[in-house]
Structure formats: C-alpha cells, structure tokens
Amino acid sequence: MDWNYLQPVEIFFGNGRIERIGELAEKLGCKKGLLVSDPFFAGNGLTDRIVKGSKGALQGVFSNVSSNPDVTEVDECARVLREGGYDFVAALGGGSAMDCAKAASMTAMTEHSIRKYHGTGESVPAEHLPLIAVPTTAGTGSEVTCVSVLTDHANGKKTPIVSYSFYPAYALIDPQLTYSMPPAVTAGTGIDVLAHALEGYWSKGHQPVCDACALHAMKLVFRYLYKAYQEPENAEAREKMAEASVIAGLAFTLPKTTASHACSFPLTNIYHIPHGEACGLTLDYFLRLNAEAEKDGRLVTLAGELGFGSVEEMACEIHDMKEKMGLKNDLKVLELTDEEIDDLVRISRHPNLYNNPVEITDDILREMYESMR
Ligand SMILES: NC(=O)c1ccc[n+]([C@@H]2O[C@H](COP(=O)([O-])OP(=O)(O)OC[C@H]3O[C@@H](n4cnc5c(N)ncnc54)[C@H](O)[C@@H]3O)[C@@H](O)[C@H]2O)c1
Ligand SMILES: [Zn+2]
C-alpha cells in the first residue's frame, strides 16, 4: 500500500492558552489582526477580552458569522480585511467562524467573490493571510484541516472547498473555551467528531497515520462524550473531547469524509438540522452497510479494538448514545413526502459519497431515508 502524510499546522493545546494569542501573532511576525467570531462570543464579551489580552496584536472584530456561514459573509469579512489593512486573521468559534475566516483570508488577497471558487472546481489561489484558528466546539477539527465548508443560501448550495491555502498557521486549542457549549451543541458537535474519525477510517483514501488518529479519537468519544454532555464543567471530559476533536481532524483531512457527510448537506440545508446531528443521523446505518460489504475485515477489527464484541454492538452504541443525548435517530417529525425523499436522494449525491468504501446507489439512499420516516 502506498501512502503520503502531511500536516502543516502547528498545534498548541492546553487550558488557558488563549491568553497567549499575542505571542503567536508575534511568532508570525504580524502586527494587525482581525478576530473573526460569531454573535455569541461578541455578546458574552469574550471577543473583547481576547482583543484586550492580545498585547495590541488584534485590532478589530468581525462577529457576523452565522452557523453554516454564507458566501456573502465571507465576502464581507474579506472586504473588512482588505479595507482595514489587516495582516493576519484569528478565528474564534466553531467550524462556522473558522471556515469563514479561512475562506476570507484567501479572498481578501483577490478581487473576487468566494463564489468564484465555491462548488465550481476553479482552483483556489495559494496567497492568503496567515490564520490562527481557535476552536470553541469539539468539534469540526477545522483548526487543522484544509477544508472550508460554505453555504450559498441564495442558490441552495452547501459544499466544502478544499485548498492547501486553507491550512491555518497555528491551531490554538484551549479546552476551557468549550465549557460554555450548551448540551445540545456538545452532543451534536461531539457526534461530528465520531463521524470524522469513523469516515476517515473507512474512507477509500484511508492510510496508517490517519487510521491511528481515528482509533484514538473514537476511543475518547466513546469514553468522554456523554460525560461532557452531562457535566459541562467536567475538566477531564472537556479536555479529552477537545483532544478527540483535533485528532479526528487529523484523521479525516487527508482521507476525506464519506457518505454520512454527503447526506448531511441536504439535511442541514433544507431541514436545518445542525451539522453534527445531521452527520450522526446516518452513521450507524452506514457502519452496518460498509461492514457487511467489506472483504478485508477492517471494521470488524476496529470494533474489537474499541472494545465492542461486534460491529453490530458498536452500531447499537452509536444509536444509543444519540438517543440518550436527544439527537435524531430518524426523520419522523419531518413527515417527509415521496417528493421530498426524491430530493434528499438526489442532493445527497455529493462528491463525498464517492469516497465511501461501498458504492452508494440511489436505491440504497431511498431505502435508508424511507426507513427513517
Ligand atoms: N472545515 C472543516 O474541516 C469542517 C468539518 C466539519 C464541519 N464543518 C462545518 O462547520 C460548521 C459547523 O461547526 P460547529 O459544529 O462547530 O458549530 P458552529 O460553529 O456552527 O456553532 C454552532 C452554535 O454553537 C455556538 N457555540 C460554539 N461554541 C460555543 C461555546 N463554546 N459556547 C456556547 N456556544 C457555542 C455558536 O455560537 C453557534 O450558535 C458547519 O458549517 C460544518 O459544515 C467544517
Ligand atoms: Zn463534520
């Protein structure tokens, strides 16, 4: 088996490390940074505190990033960066703030709208402002990935853009920033961690370094996610979920995600199911399906290494974990019509679907969605 591994992001991990953001800017040789965040952190005063504590390195805040950020927010953030003469960007938030900041850091160096690169296959320019990514969910792993997931609400399109230029310079992971996540956000983003690790592991592009990261991240999710959900201030559970999140990011950024992420895009776009919850919805279904078809026994081995007696036992645990945390295991509340199921099948045919180890036909998708209504 031939494989390559590359990870260009320098990672800083530990409680309280957000206070050292000024030092990181200095290390970058940058002098004027924009902090990109979302309205929650502008509202609770954290963005102001971080700017104040940055020793003058951060000089402005852009906090208009919404969940599943829109391409127009990226363009607006890029305009602020250009007009303000900023020389670096710091992103504080979940995947939404980090992905908006990644795309804006590149867009600011062009005269174009991000729409030029969103789902068009147009290659992304290499030039960009350096980025320090600070996650507040555990989470997307976006702080170490070369992916920016954006939505064009006006054109009904949610899709990732992948580019080497989206790798942050530094990932600063401070588990204490995740304590304020409400239980529903902890649950959804935590299941996203599991989806990244599991999909990276079974992806057609899997390779040994990412497999090792995936296994480690999955062990932590099975051990600590429910604890973090029940006890938001449990330092050990929060720290271990933050660790799982960044390591799951390493597990999927090269192999890429597969069927569960492909199906999540219409579920989020049309039915507004949060990203992690939408990915988790189909995870146990695809685990059973992929395991049934595999010839090399990788998933049977994985289930054993995670301490399960069988793949079926692992799939049931994923289902039960979602149930206990109030995440969706079906789509009954949506009362889907036949036409709506047709749309879900059609729009799930996203490039990530072709990265699944088993070919996913329209019939498989239809049967799956019908079993959930
Ligand atoms: N770039 C990648 O590699 C990658 C990977 C997976 C998902 N994504 C994308 O990331 C986005 C989802 O990101 P997310 O799941 O981290 O959620 P998010 O960034 O959309 O945040 C969800 C909500 O949680 C709130 N929140 C975040 N951290 C909080 C905290 N510590 N305390 C209180 N509230 C907090 C936010 O304000 C927001 O209201 C989606 O667009 C998804 O497609 C990107
Ligand atoms: Zn995800």
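The values are calculated or read from the model by the stated rules, or taken from the named source; none is laboratory data. Predicted model only: the values in this text are computed from it and were never measured. Here the Cβ positions follow ideal geometry from the backbone for every residue, glycine too, while neighbour counts run over all protein chains shown.
Results, tabulated for the structure shown:
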read-out: Total residues in the range 174-215, condition within 9 Å of ligand 1 (Cβ to nearest atom) and outside any helix (DSSP H, G or I); value: 4
read-out: Any helices (runs of 4 or more DSSP H) falling wholly within the range 8-127 and containing at least 2 residues that are over 26 Å from residue 350 (Cβ atoms) and at pLDDT 95 or above; value: 21-28, 39-43, 46-52, 71-84
read-out: Test result for residue 145, within 16 Å of ligand 2 (Cβ to nearest atom) and over 24 Å from residue 22 (Cβ atoms); value: yes
read-out: Residue within the range 365-373 that is under 20 Å from residue 299 (Cα atoms) and either part of a helix (DSSP H, G or I) or among the basic types (Lys, Arg) (or both) present; value: no
read-out: Residues located in the range 328-353, provided they are touching a residue at least 24 places away in the same chain (Cβ under 8 Å), within 24 Å of the chain's Cα centre (by Cα) and either within 11 Å of residue 266 (Cβ to Cβ) or loosely packed, with under 15 Cβ neighbours inside 10 Å (or both); value: 330, 344, 345, 347, 348, 349, 350, 351
read-out: Pick from the range 181-232, criterion of a type in the set (Gly, Ala, Ser) and surrounded by fewer than 16 Cβ atoms within 10 Å (Cβ to Cβ), ranking: nearest to residue 286 (Cα to Cα); value: 205
read-out: Helices (runs of 4 or more DSSP H) within the range 250-303 that include 2 or more residues near ligand 1 (Cβ under 10 Å from one of its atoms) and in contact with a strand residue (DSSP E or B) (Cβ under 8 Å, 6 or more places away or on another chain); value: 259-271
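One line per residue, one yes/no per condition, for (1) within 16 Å of ligand 2 (Cβ to nearest atom); (2) basic (Lys, Arg); (3) buried (at least 23 other Cβ atoms within 10 Å of the Cβ):
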residue: 263; (1), (2), (3): yes, no, yes
residue: 279; (1), (2), (3): yes, no, yes
residue: 292; (1), (2), (3): no, no, no
residue: 295; (1), (2), (3): no, yes, no
residue: 311; (1), (2), (3): no, no, no
residue: 315; (1), (2), (3): no, no, no
